[in-house]
Amino acid sequence: MKAAAFAYARATSVVNALDLLAAHGEKAKVLAGGQSLMPAMNLRLVSPDILVDICGLAELRGVAVRGDWLVIGALTRHAELQQSGDVARHARLLWEAVAHVAHPAIRNRGTIGGSLAQADPASELPACMVALGATIVIRGPGGERRIAAIEFFKGIYETALLPQELLVAVEVPIAIAGSTHFFQELARRHGDYAIIGLAAHAVVEDCRFADLRLCFFAAGDRPVLVRSARKLVDRIVTSAAVTETVAALLEELDPLEDQQASPALRRHLANVLLRRCVATLLSRPELDTGADR
């Protein structure tokens with residue numbers, strides 16, 4: 001299929017892009033890489049009246065360290081994240097996860113802002129932002145506002161972004177001493193959409209978790225930050241504690257059913273990933289037991 005007819009405007013600045021969005025509102029879509037948007041348009045899943053192309057706005061591209069934050073421009077491409085020494089040093093979880101985003105051709109064009117604004121629940125980067133406690137920076141007619149990643153994602157392809165607003169950057173806290181991470185997704189083939197995945201950020205002190213943020217993706221209608229992870233913080237982690245946490249996790253998750261997997265399969269795989277994650281982060285392979293594999 002081909003996309004329905006639409007108008008096209010190439011923004012010359014962020015201000016110009018905001019003017020265009022203000023003029024067209026919900027009838028406009030922002031083109032920020034287009035690796036998800038263009039297929040959706042070709043399938044007539046979305047049919048905007050106008051595309052506002054912001055791909056040429058250099059002011060929205062790049063990675064910089066500012067104080068205790070790693071600031072990433074919305075138009076920074078996935079491939080640029082992979083090549084960034086600052087991302088590799090200060091947000092290793094994100095650096096590792098990007099390699100799982102589709103294929104090189106997609107990573108060469110797709111952008112972090114486009115991925116976050118798309119809010120696909122099976123996408124890797126939204127889960128990483130939630131696990132890392134990142135802040136989404138949004139600009140609109142009223143100026144700039146910041147919103148925590150956990151509050152930004154509202155549902156399937158739904159965010160807190162208003163039609164007249166533009167996602168301009170992401171602020172990621174720089175990793176502190178003792179920080180570690182885990183990332184793994186289960187897919188039929190590398191580059192396919194995940195059946196389920198887990199992005200985790202932790203602080204380990206004296207072989208215990210001082211902090212633990214577990215965020216599942218492809219496990220619901222948005223990234224799922226697991227409340228039951230608190231059961232493993234500030235205590236000696238035993239096999240019984242992991243089993244208790246898994247039981248709470250399975251009550252907490254409400255996975256969707258699709259052509260890839262049933263909710264029961266996703267719950268089972270979440271069990272596997274949580275145990276694997278805890279064993280890896282604490283370097284205690286004996287904790288990766290008890291899952292019915």
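The table below gives the values:
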quantity: Binned Cα-Cα distances of segment 7-53, short to long, each 10 Å bin given as a whole percent; calculated: 29, 55, 16, 0
quantity: Total formal charge among the other residues, if their Cβ is under 13 angstrom from that of V101, Lys/Arg +1 and Asp/Glu -1; calculated: -3
quantity: For the chain: span of alpha carbons on each principal axis (Å, largest first); calculated: 59, 45, 33
quantity: Karplus (6.51, -1.76, 1.60) ³J(HN,Hα), θ = phi - 60°, over segment 246-261, in Hz, Gly and Pro reported as x; calculated: 4, 4, 5, 4, 5, 6, 6, 6, 9, x, 7, 10, 8, 5, 8, 6
quantity: R0 of 35 Å, Cβ-Cβ distance M38-R235: FRET efficiency to nearest 0.05; calculated: 0.10
quantity: DSSP beta bridges in segment 182-287 [antiparallel fraction, %, rounded to 5]; calculated: 95 percent
quantity: Hz values of 3J(HN,Hα) by residue in segment 70-77 - Karplus curve (6.51, -1.76, 1.60), Gly and Pro given as x; calculated: 9, 9, 10, x, 4, 8, 5, 6
quantity: Within segment 244-286, GluC sites (Glu not before Pro) in DSSP loop having at most 15 other beta-carbon neighbours inside 10 Å; calculated: E257
quantity: Cβ-derived FRET efficiency at R0 45 Å, A187 paired with K27, nearest 0.05; calculated: 0.80
quantity: Net charge of Cβ neighbours under 13 Å - reference L225; Lys, Arg +1; Asp, Glu -1; calculated: +1
quantity: Sequence-distant residues sharing a close amide H with G110 (under 5 Å, placed H); calculated: H78
quantity: Pairwise Cα inverse-distance average, inverted: Kirkwood Rh of segment 58-173 (Å); calculated: 14.0 Å
quantity: Between segment 217-293 and segment 95-171, the Cα center-to-center distance that results, in Å; calculated: 24 Å
quantity: Linear extension gain, R146 paired with E205, 0.36 nm per residue minus alpha-carbon span; calculated: 18.2 nm
quantity: For q = 0.09, 0.13, 0.19, 0.22 Å⁻¹, Debye-computed log10 I/I(0) when each Cα of segment 166-288 counts as one equal scatterer; calculated: -0.26, -0.53, -1.05, -1.28
quantity: Dimensionless Rg/Rh of segment 61-119 - Kirkwood Rh, Rg from C-alpha atoms; calculated: 0.94
quantity: Calculated from backbone phi, Karplus (6.51, -1.76, 1.60) coupling profile of segment 34-47 in Hz, x at Gly/Pro; calculated: x, 6, 9, 5, 5, x, 5, 5, 5, 8, 6, 6, 9, 9
quantity: Cβ-defined net charge surrounding T76, 14 Å radius [Lys, Arg +1; Asp, Glu -1]; calculated: 0
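Every read-out reported here was derived from the displayed coordinates using simple, explicitly stated rules and does not represent laboratory data. Given the structure is predicted, the values throughout are model-derived calculations rather than measurements. Cβ atoms come from the backbone with ideal geometry, glycine included; neighbour counts cover every protein chain shown.
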